[in-house]
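J.: Here you go, one structure.
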Amino acid sequence: MKLPGYALLVLLCICGLTLFAQSSSQPGTPDTPNVTSTAIAGKDAKVSDLAFLSGHWSGEVEGSKIEQDCSTTDPSVMVCMFRLMSDKGTQMLEFYTLRDTPNGVEERIRFFSPDLQEEPGDKGVTMKLASVSAEKVVFENPTGTYPKRSTIFRKGNDEFSSHIELVDAKGKESTIDAHWARTR
């Protein structure tokens with residue numbers, strides 16, 4: 001399925017977040033969540049439960065290369081950069097934060113062109129962490145449907161897949177799936 005540039009950007013950003021959920025599962029290491037296989041409800045989760053997302057990830061979606069870097073110098077805030085690339089170079093940049101709020105973890109996303117121009121009228125996207133476990137992370141959009149939901153499925157210590165659900169203004173549903181691997 002071919003997506004408009006902005007739609008692909010939104011999806012890729014969400015994929016970026018999703019890719020972080022696929023790192024090592026050894027308790028007590030900086031890149032592993034402090035959770036068990038039992039899901040923690042989003043309102044009870046903390047950014048520190050997502051520490052396994054820190055580092056550099058790369059992947060592919062619809063024939064384009066994607067990469068993401070996340071930093072965790074503050075246990076209550078994670079800052080991330082996502083980039084979508086084609087054979088012509090960088091096509092899109094996304095910057096987002098994961099931060100603790102009184103209502104749980106929020107992911108705030110802003111999209112930019114390769115020369116850091118904002119999309120006209122773009123106010124960003126805010127996703128809420130719905131649940132997190134050692135195997136799966138789910139973010140949901142409480143105010144919109146584009147994207148509606150982003151789910152990360154871990155496939156071992158250094159890889160994961162992401163599945164993004166979208167519903168456009170006309171009610172048409174679509175999905176974006178990506179595969180991610182940790183790069184060192």
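J.: Under a plain spin-label model, where a point goes 7 Å from the Cα along Cα-to-Cβ, how far apart in nm are residue 155 and residue 110?
T.: According to this spin-label approximation, the distance is 3.3 nm.
J.: Still on this model: Residue 74: accessible area at probe 1.4 Å, nearest 10 Å²?
T.: 60
J.: What three numbers, in Å, describe the spread of the alpha carbons of the stretch 46-97 along their principal axes, ordered from the longest?
T.: 37, 15, 13
J.: Further, regarding this structure: When all protein chains stay in place, what accessible area (Å², nearest 10, 1.4 Å probe) is found for residue 98?
T.: Surface open to solvent at residue 98 totals about 0 Å².
J.: Hey, another quick one. List, in order, the whole-Hz ³J(HN,Hα) value for each residue of the stretch 155-162 obtained from phi through the Karplus relation with A = 6.51, B = -1.76, C = 1.60 and θ = phi - 60°; use x for Gly and Pro.
T.: 10, x, 6, 10, 8, 7, 10, 10
The values are calculated or read from the model by the stated rules, or taken from the named source; none is laboratory data. Every value quoted in this text rests on a predicted model; they were computed, and no experiment measured them. Note that each Cβ is placed from the backbone with ideal geometry, even for glycine, and that neighbours are counted across all protein chains shown. Note: areas computed on protein heavy atoms with side chains; ligands, DNA, RNA excluded. Shrake-Rupley method; radii C 1.70, N 1.55, O 1.52, S 1.80 Å.
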